[in-house]
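Please read the structure below before turning to the comments.
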Amino acid sequence: MARKYEGHVIGIDLGTTYSRVAVWQEQNNRAEIIYNEASFVAFTDDRRLIGDSAKNQAASNPFNTVFDVKKFIGRKYSDPIIQNNLLSWPFGVLSRSNDKPMICVNYKGKEKHFSPEEISSLILKKMMDIAGAFFKSPVKNAVITVPAYFDDSQLKAIKDAAIIAGLNVMRIINEPTAAALSYGLHKRATCVENRNILIVDLGGGTFDVSLVTFKDDKFEIKAATMTQFGGEDFIDRMVNHFVKEFKMKHKIHISRYSRALRRLRNECDEVKNKLSFDFDATIFLDALYDGIDFYSSMSRAKFEQLNIDLFDNFMDTVKTCLSDAKINNSSVDEVVLVGGSSRIPKIQQLLQKFFKKGKHLLNIIHPDEAVACGAAIQAALLSGGLKSVPKEVHQYLSRLSYAEQEPEPIPKNIVNDKKVNVTIEDNKSKIMIDFQGGVGITVNVPGSLNVSLPDTALVLPINVCFATDSDGMLNVSAELNENKFSSIFIKV
């Protein structure tokens, strides 16, 4: 049953490179994007910039312009993903004593440290303000999307960012589900037929592939695979190519100069987009470094040659997802393209070739907008503002089930209830129960549960219950002799 929310509701796609906010337009019977800007935040001597204005001045202010924050939100500083990206970020990233990453910039003449949640909250706040201006009244309620692989600490970090921004999070849904809603795929499911939909989401910073099965208006994610590459990696290859060309022509290695490199990178971003529609693109940067103009070109064939290994990795990820779902390519009914880099012709050619019999690639709507529009549809469903489809589109397994079993529908919130026989030593106040798996779209998520126990040695069964809320966040509790003595939230 739809809950009553005060005021308007919105859907937010908090992306790695671009973020969007969408609303459900009842009069047009569709979701529409009302805001679309870069996920950049910049700090200067007198102000703070958010969105395109921040990105546009990045070349002149590289050390105080923050981007890619989604890559490390909810992660520890020691996480390999953060460590592998440290050299590519011109802004400083420091570690707190608890291994939490902090972003270091100069703001109004002073060194300031911001958490990833605080930076993300600034982007969310701007979206709220834009939506408020659109409706001419404050907006507080939103559905926010996250990648399917986000674990509990990342989900919690997104919620914390929303709280800092003053947002009420109606629901957090994964991006494949949002994309499916946007394409209206839930309307195609019938009571007598399963439909297997492969959702290919190639964005600026990450690449996700999800296999979703639809039946009886229910979504089930059979498998999902994520790799840490995206449109930015294609741009990296072009940047490196032009850096070498500039060095060959002028004997200067411009990769040492942040401002010149940022200008070149912005131009390569434009070239990548042009090559999705044209076979050639030119590049011209006046006074790129020390008054030297730079003129060159890039063909689609050269672009594909520079990125041949990334295209191979792309298809390997698709194949891994199907293997994890235990189906073959002929069992896939439709392929949904999401994310700006899914427009790359080579990407579409590889998919068409792999999915035989001329499988249709669903790109009938703007791939950049699919996730945000799906979030807006979910917001309308939750608030009762959407009447043309079922009030709730059920998600039985928005994340993989705990334990190595075939996925089956599960009661609301209960993921697993497992008895564990343990031997307790004398004078031990706690026992650590290790587990593998968990309610994550990626498998092998480690964690532990600390449980207070009696003083004397004994062998006893402990009931450990793994539960997830509607946002997919994991809670774990333990029970002994009908007395619950520990119930904690596990951070993994």
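Relative to a virtual label point 7 Å from the Cα of Lys76 in the Cα→beta-carbon direction, which members of region 146-163 show backbone nitrogen distances below 16 Å? Only 151-154 pass the distance filter. Among the listed pairs Lys71/Lys356; Lys112/Lys156; Lys55/Lys272; Lys70/Lys136, give every one whose C-alpha distance is greater than 27 Å. From the list (Lys71/Lys356; Lys112/Lys156; Lys55/Lys272; Lys70/Lys136), the Cα-Cα distance tops 27 Å for Lys71/Lys356; Lys70/Lys136. If Lys and Arg each add +1 and Asp and Glu each add -1, what is the summed charge of the other residues whose beta carbon sits under 11 Å from the beta carbon of Asp99? Local net charge: +3.
Longer than 29 Å from Cα to Cα, which of Lys108/Lys251; Lys222/Lys353; Lys125/Lys346 are they? Say none if no pair is. From the list (Lys108/Lys251; Lys222/Lys353; Lys125/Lys346), the Cα-Cα distance tops 29 Å for Lys108/Lys251; Lys125/Lys346. Centre-to-centre separation between the Cα atoms of region 222-256 and those of region 126-175: 32 Å. For Leu86 and Asn240, what does the FRET efficiency come to when R0 = 22 Å and r is the distance between their Cβ atoms, rounded to the nearest 0.05? That gives a FRET efficiency of 0.75. Label positions at Ile308 and Ala287, each projected 7 Å from the Cα along the C-beta direction, are separated by 4.1 nm. Over all other residues within a Cβ to Cβ distance under 12 Å of Asp208, the charged ones net out to -2, with Lys and Arg as +1 and Asp and Glu as -1.
The numbers here are math on the coordinates, done by the rules we state, and not lab data. What you are looking at is a predicted structure, and each value in this text was computed from that prediction instead of being measured. Note: ideal-geometry Cβ built from the backbone for every residue, glycine included; neighbour counts use all protein chains shown.
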